[in-house]
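Okay, so here's the structure we're looking at.
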Amino acid sequence: MLKDMLNNIQKKSLKERFLLVLGILFFLIYLVLGLMIMFWKKLPLDMEPKYRYAFGGLLIVYSGIRFLRLINTSAEE
């Protein structure tokens with residue numbers, strides 16, 4: 001499976017590879033931002049804890065959706 005994924009990535013054009021890397025980068029950004037909002041107490045956000053957890057959870061769910069879309073578009077090609 002890993003070998004198939006590497007072959008699929010190597011077959012992509014430069015533009016497609018760039019967009020794949022950009023998609024992975026933004027997935028990681030949203031995931032880390034969600035975790036930071038939830039668990040970093042000194043983050044300068046004036047929110048109640050329940051809203052911080054809700055907003056952080058929403059960002060983590062959104063990063064999961066982006067990751068699934070990224071995987072599905074990679075598998076189709």
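The values are calculated or read from the model by the stated rules, or taken from the named source; none is laboratory data. No experiment lies behind these values; they were computed from the predicted model shown. Just the protein is used for accessible areas: all its heavy atoms, side chains included, with ligands, DNA and RNA removed. Shrake-Rupley method; radii C 1.70, N 1.55, O 1.52, S 1.80 Å.
Looking only at residues of region 1-44 that are open to solvent by 70 Å² or more (accessible area, probe 1.4 Å) and assigned to a loop (DSSP other than H, G, I, E, B), we find that the one that is modelled with the highest pLDDT is W40. For region 45-72, which positions are open to solvent by less than 70 Å² (accessible area, probe 1.4 Å) and hydroxyl-bearing (S, T, Y)? Once the filter is applied, which keeps residues that are open to solvent by less than 70 Å² (accessible area, probe 1.4 Å) and hydroxyl-bearing (S, T, Y), region 45-72 yields only S63.
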